[in-house]
1. Please work out if A:Val23 is assigned to a strand (DSSP E or B), in contact with a strand residue (DSSP E or B) (Cβ under 6 Å, 6 or more places away or on another chain), modelled with pLDDT of 95 or more and not polar (S, T, N, Q).
2. Can you name the residue in the range A:169-185 that is surrounded by fewer than 20 Cβ atoms within 10 Å (Cβ to Cβ) and either within 14 Å of chain B (Cβ to nearest Cβ) or within 23 Å of B:Thr264 (Cβ to Cβ) (or both) and, of all such residues, is modelled with the lowest pLDDT?
3. Scan the range B:206-219 and tell me whether some residue there is at pLDDT 95 or above and among the small types (Gly, Ala, Ser).
4. For residues that are touching a residue at least 24 places away in the same chain (Cβ under 8 Å) and surrounded by 12 or more Cβ atoms within 10 Å (Cβ to Cβ), scanning just the range A:294-306, find the one that is farthest from the other protein chains (Cβ to nearest Cβ).
5. What number of residues within the range A:229-250 are facing another protein chain (nearest Cβ under 10 Å), hydrophobic (A, V, I, L, M, F, W, C) and in contact (Cβ under 8 Å) with a residue 40 or more places away in the chain?
6. In the range A:16-47, what residues are within 20 Å of A:Tyr251 (Cβ to Cβ) and either within 14 Å of chain B (Cβ to nearest Cβ) or charged (D, E, K, R) (or both)?
Amino acid sequence: MGDAPLLRVDDLQLHYQTRQGVVHAVDGIDFELKRNEALVVLGESGCGKSSLAKALMRVLPRNVHHQGGRVHLGDTELTALSDERFRREVQWSRMALVMQASMNALNPVVKVGEQVAEPLRVLRRWPRRQALARAAEVFALVGISTDFMTRYPFELSGGMRQRAVLAMALVAEPELVILDEPTSALDVLTQASIMNALKRVKRELGTSFILITHDVATSSELADRVALMYAGQLVEVSDAERFFSDPAHPYSQMLMASVPKLRQRSRPQAIPGQPPSLFEPPAGCRFAARCPHRFAACSRDPRAIRLAERHRVRCWLHDDTQAGGGA
Amino acid sequence: MATSRADLPANAEASLLKVRDLHTWFELRQWGFLRVGAVHAVDGVNFTLERGEAVAFVGESGCGKSSLARTLLGLHRPTRGSVRFAGREMQSLSPAELKAYRAEVGYVQQDPYGALPPFLDVRRILAEPLIVHGIKDRQERERRIRAVLEEVRLSPAEEYLGKFPHMLSGGQQQRVVIARALILAPSMIIADEPVSMLDASVRVEILNLLRGIQARRELTLVFITHDLSTVRHFAERIFVMYAGQVVESAAVDELLDHPQHPYTQALLAAIADPDAANARRLREVPAGEPPSLIQPPTGCRFHPRCPHAMAGLCDRDDPPDFTPRENHLSACWLHR
């Protein structure tokens with residue numbers, strides 16, 4: 001079927017072992033992504049959103065305590081592949097990751113163009129000339145002049161290096177690109193022009209994106225869909241249209257109200273309290289302690305409640321069985 | 001405040017800070033002695049701040065806003081120009097007077113974790129400035145430390161006095177940094193990107209706190225930021241900086257609603273408010289990047305990127321400050 005999701009994630013879990021105990025960084029995450037769709041995973045620091053990227057891409061630290069769930073990319077069950085097959089058949093070629101501050105990870109002594117062409121030469125065994133020609137096309141697409149291909153990373157500005165890393169992720173034409181805070185270290189104008197480049201890539205190459213960020217305003221530059229993460233779980237998954245105008249979860253509503261807006265005079269409102277510890281997440285709803293609508297049912301884990309086609313929210317307020325006498 | 005100088009103009013005390021033609025350059029040397037040029041980090045800045053006013057300096061990284069802050073703090077010596085604080089010229093202060101000046105100006109750093117010494121507890125961190133400035137009475141110090149912790153809403157103070165920075169959350173660390181900036185009862189606070197390392201929900205809390213303290217203590221607050229979307233609520237006036245210079249300044253609402261300088265207009269157009277429609281359109285962004293501060297372009301520094309640049313004028317002559325609207329300065333030849 002043409003409408004089958006490109007990526008399906010079921011009950012994904014990633015826990016770390018630390019000296020203080022087990023960190024439940026990713027704690028039961030489900031979502032789907034269609035082809036040529038951009039999903040924004042939004043969350044504050046420490047909510048587990050970068051761990052989600054790492055779990056999907058299998059770039060894991062050594063202290064993994066527990067890993068669980070299933071991930072399908074098209075018809076391939078990624079979680080069933082061996083590390084070796086995953087690296088050979090999926091990484092870069094079907095799914096690429098641009099990590100936070102990865103512009104600083106370019107090799108300082110190799111020309112930028114060669115680095116961008118490298119995935120093609122290694123994965124596809126393309127000859128150098130052909131790989132460089134393809135790299136030049138991708139350079140143009142992400143908005144760097146091909147003159148810069150023969151330069152070294154230190155000769156490029158931060159914004160251009162970030163574009164080069166993006167080009168490197170795109171050069172093998174993966175179906176899915178995961179971007180972890182791709183613009184958070186950059187200036188406003190650079191940020192805007194990189195978001196422009198991503199929009200162009202999405203339109204011209206049909207790439208799907210997962211954009212992981214804490215920045216609500218920037219996230220709306222690319223989002224078709226939004227998944228809001230809190231304490232290791234997704235509390236709301238919705239169309240961007242609905243999320244940015246009328247979100248359903250109390251945390252979504254409060255987060256939107258905390259964002260200062262340039263074109264509105266309404267004063268941003270802080271969210272009182274702090275996210276719970278991921279060592280021993282509270283039983284029941286993890287946002288309950290900060291939620292103004294808390295009631296008796298919140299001491300139990302809220303199910304993911306379906307509000308509409310492709311709109312889920314993890315909150316008892318939206319459960320009909322709880323709304324009346326449940327409390 | 002009594003000064004020994006009889007020749008001060010009568011109205012010198014009305015404005016707290018007067019900055020005229022300020023230049024802070026960093027010399028570049030080769031082999032340690034050959035002068036090969038200078039980074040013109042602050043390059044001819046003028047402004048006056050009144051007592052009790054909250055202002056924001058806004059600009060992209062490398063525009064000189066942090067160098068300006070550090071010059072005002074007395075951490076960099078100005079290359080040229082004058083900074084008058086409460087009627088006194090900063091350059092002429094003796095070392096003892098400079099120490100007194102530093103008690104008058106509090107500093108809130110960008111990265112709270114980096115700003116706090118890791119091996120000192122909160123009590124000791126806050127006691128340090130008091131000791132340096134000669135408060136010898138231990139009980140008096142303890143009283144002031146508790147009072148300032150209550151003021152930044154780290155209460156009850158007992159709970160925090162013995163804690164080390166790593167035991168506090170980012171927001172709490174920033175509150176300690178603010179407490180330290182306040183403990184000598186300064187008349188001015190300089191906050192350099194005070195919330196850029198914090199999460200959205202905590203940001204607002206810290207900004208509200210700063211603004212509340214500023215209003216209550218009638219402090220002059222200089223707020224340095226790259227984030228224009230926060231300034232409407234936390235400052236009264238904005239100065240927009242580009243390549244070491246102030247290109248536009250006005251009251252907050254006036255500037256955000258009627259930006260005059262092409263750079264400010266470009267900056268505002270690049271900022272998104274959360275809206276699903278953003279994903280369906282490209283933003284207009286001026287081509288190119290901010291210029292080198294070692295050899296800034298002649299004429300208007302924005303002219304190589306400006307869509308309205310006029311050949312023979314903008315690339316040759318430095319634009320003076322024009323007043324296109326009431327109480328609104330913009331350094332652009334378009335207003336000629």
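The values are calculated or read from the model by the stated rules, or taken from the named source; none is laboratory data. Model, not experiment: these values are computed from the prediction. Please note: Cβ atoms are built from the backbone with ideal geometry, for glycine as well, and neighbour counts cover all protein chains shown.
1. Considered against the rule, which asks whether it is assigned to a strand (DSSP E or B), in contact with a strand residue (DSSP E or B) (Cβ under 6 Å, 6 or more places away or on another chain), modelled with pLDDT of 95 or more and not polar (S, T, N, Q), A:Val23 comes out as no.
2. Taking the candidates together, the pick is A:Ala185.
3. no
4. Step by step, filter the range A:294-306, then rank; the result is A:Ala297.
5. Of the residues in the range A:229-250, 1 are facing another protein chain (nearest Cβ under 10 Å), hydrophobic (A, V, I, L, M, F, W, C) and in contact (Cβ under 8 Å) with a residue 40 or more places away in the chain.
6. Of everything in the range A:16-47, those that are within 20 Å of A:Tyr251 (Cβ to Cβ) and either within 14 Å of chain B (Cβ to nearest Cβ) or charged (D, E, K, R) (or both) turn out to be A:Asp27, A:Asp30, A:Leu39, A:Val40, A:Leu42, A:Gly43, A:Glu44, A:Ser45, A:Gly46, A:Cys47.
Conditions (1) closer than 22 Å to A:Ser277 by Cβ; (2) exposed (fewer than 15 other Cβ atoms within 10 Å of the Cβ); (3) at pLDDT 95 or above, marked per residue:
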{"residue": "B:Ala147", "(1), (2), (3)": "no, yes, yes"}
{"residue": "B:Leu154", "(1), (2), (3)": "yes, no, no"}
{"residue": "B:Ala157", "(1), (2), (3)": "no, no, no"}
{"residue": "B:Leu168", "(1), (2), (3)": "yes, no, no"}
{"residue": "B:Ala179", "(1), (2), (3)": "no, no, yes"}
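Here's the yes/no breakdown for (1) at pLDDT below 95; (2) farther than 17 Å from A:Ala96 by Cα; (3) touching a Ser or Thr at 6+ places or on another chain (Cβ under 6 Å); (4) in the same structural domain as A:His72 (by TED's automatic domain parsing):
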residue: A:Val122; (1), (2), (3), (4): yes, no, no, no
residue: A:Pro127; (1), (2), (3), (4): no, yes, no, no
residue: A:Ala131; (1), (2), (3), (4): no, yes, no, no
residue: A:Ala135; (1), (2), (3), (4): no, no, no, no
residue: A:Phe148; (1), (2), (3), (4): yes, yes, no, no
residue: A:Pro153; (1), (2), (3), (4): yes, yes, no, no
residue: A:Ser157; (1), (2), (3), (4): yes, yes, no, no
residue: A:Ala164; (1), (2), (3), (4): yes, no, no, no
